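J.: First the structure, then my questions, so here it is.
Just so it is clear, none of the values below were taken in a lab; they were calculated from the coordinates. If you're wondering where the values come from, they're calculated on a predicted model, not measured in any experiment. All Cβ positions, even for glycine, are placed from backbone atoms using ideal geometry, and neighbour counts span all protein chains on display.
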Amino acid sequence: MRLSEFDYQLPAELIAHRPLPERDASRMMVLNRSTRNFEDRAFRELPQILQAGDLLIFNNTRVFRARLLGTRLGTRAQPIGKNNPKTREFLRGQVELLLTRREDGEVWQGLVHPGRKVREGEILLFGEGALQAEVLDRGEYGLRRVRLTARQGTVEEAIENFGHVPLPPYLHRADDPADREAYQTVYAKVTGAVAAPTAGLHFSTRVLEALRARGVETVEITLHVGPGTFRPVRVERVEEHRMDAEWYEIPLQAALAIQRARDEGRRVIAVGTTCVRTLEHVARINAGQIVSSSGETDLFITPGFQFKAVQALLTNFHLPRSTLLMLVCAFASRELILRAYQHAIAERYRFYSYGDCMLIL
């Protein structure tokens, strides 16, 4: 398959740059894979559309304030008298560090910008030095390993105090206080993501209560969404693309509930592509069964993939040429998804992270 097969033209004004005042007020396209038809509905109608006994799977990862804005601190030797070298510090310009994952202790991986200028051994300052990052080594595409230290309190507290919400890069705006709640699901619990599982952003407390009253069962799993969700596919043959590994966990009670629903012939509905990748990864390595486990997955789902765990999917509208769009095309066929996207454009749906959603049955 060629990358160009997953392209479409989207008017810029349809990109949702900010959330709706009420998160459950979004529109929802309902797409039926059997009839190959779709209809325009409201997300608040979800409890009436689903059936008693359906099982919804949520990703309860929590986005942390992973985007740090600060200054590079370099060092240079400043000789003062014979045999009396002394080092003085000087500032070297603005820098951005996006923390992507914790390795061990206070050693983290992160992406820096500008990537070419930040060298090993440099110190990066955030919050006027309240949080510091020592660059340990460098990798491709701006990746660095850093050691974080906080002047007072813990590193986690310093990140929370001085970090920014890591909004998707295509929004082209700084975060504001409203994003701290809006770019987080109402059921977020396990801290570790640098991007929200955006299909879950539509759910409000009242919708969750209505689903339970309807007899829809819900369980939570975890996949810490990494920056790879926004990483562009740089190869023309999509099969050559490699996904970044992301950490996941399926607790025992969730695994038992999912496997019980499957055994009883009830629908397993993934809320978001992150849940799809987690469940399909676990089913793939366990002879089609869902078992309690944790680890990393770099599963890349493209058309032709044989789904073993998921029967329905709630998802947002995704970027052209993205791995997320490829997954959705694999689930419902490329022709049907691109036709549905053209309908969404004609009907002025809102696209991407803060946009509307699609329920694929």
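J.: Relative contact order (percent) for segment 94-204, with alpha-carbon contacts under 8 angstrom and 6 or more residues of separation?
T.: With pairs under 8 Å counted, the relative contact order is 19 percent.
J.: Starting from the Cα of Gln9, step 7 Å along the direction of its Cβ; do the same at Arg151; then give the gap between the two resulting points in nm.
T.: 5.3
J.: Based only on other Cβ atoms within 10 Å, what is the fewest-to-most ordering of Val271, Val95, Val155?
T.: Val155, Val95, Val271
J.: With each run of n ≥ 4 DSSP H residues scored as -39500 (n - 2.57), what mean residue ellipticity at 222 nm is computed for the chain after dividing by its residue count and rounding to the nearest 500 deg cm²/dmol?
T.: Value at 222 nm, helices only, nearest 500: -6000 deg cm²/dmol.
J.: What is the extension gain from Arg2 to Tyr141, computed as 0.36 nm multiplied by their sequence separation minus the C-alpha to C-alpha distance, in nm to one decimal? It would help to have the intermediate numbers written out before the result.
T.: Working: separation 139, 0.36 × 139 = 50.04 nm, distance 2.31 nm.
Here the answer is 47.7 nm.
J.: Under a plain spin-label model, where a point goes 7 Å from the Cα along Cα-to-Cβ, how far apart in nm are Asp244 and Lys117?
T.: Those two pseudo-labels are separated by 2.2 nm.
J.: Any idea how far apart Val291 and Ala346 come out in nm if each label point goes 7 Å out from Cα toward Cβ?
T.: 4.9
J.: On to the next question. DSSP loop GluC sites (Glu not before Pro) in segment 202-297 with at most 16 other Cβ atoms within 10 Å of their Cβ, which ones?
T.: Glu236, Glu264
J.: Can you sort His164, His113 so the residue with the fewest Cβ neighbours within 10 Å comes first?
T.: His113, His164
J.: Taking the highest mean first, how do the peptides 281-294, 121-134 order by number of other beta carbon atoms within 10 angstrom per residue?
T.: Packing order, densest peptide first, comes out as 121-134, 281-294.
J.: Further question on the same structure: Can you list the DSSP H helices in the chain whose Cα atoms extend at least 15 Å along the helix axis and whose mean Kyte-Doolittle hydropathy is -0.5 or higher?
T.: Taking the DSSP H segments of the chain (at least 15 Å long, mean hydropathy at least -0.5), we get 252-263, 273-285, 334-346.
J.: In addition: Fewest to most neighbouring Cβ within 10 Å: what's the order for Asp137, Asp244?
T.: Asp137, Asp244
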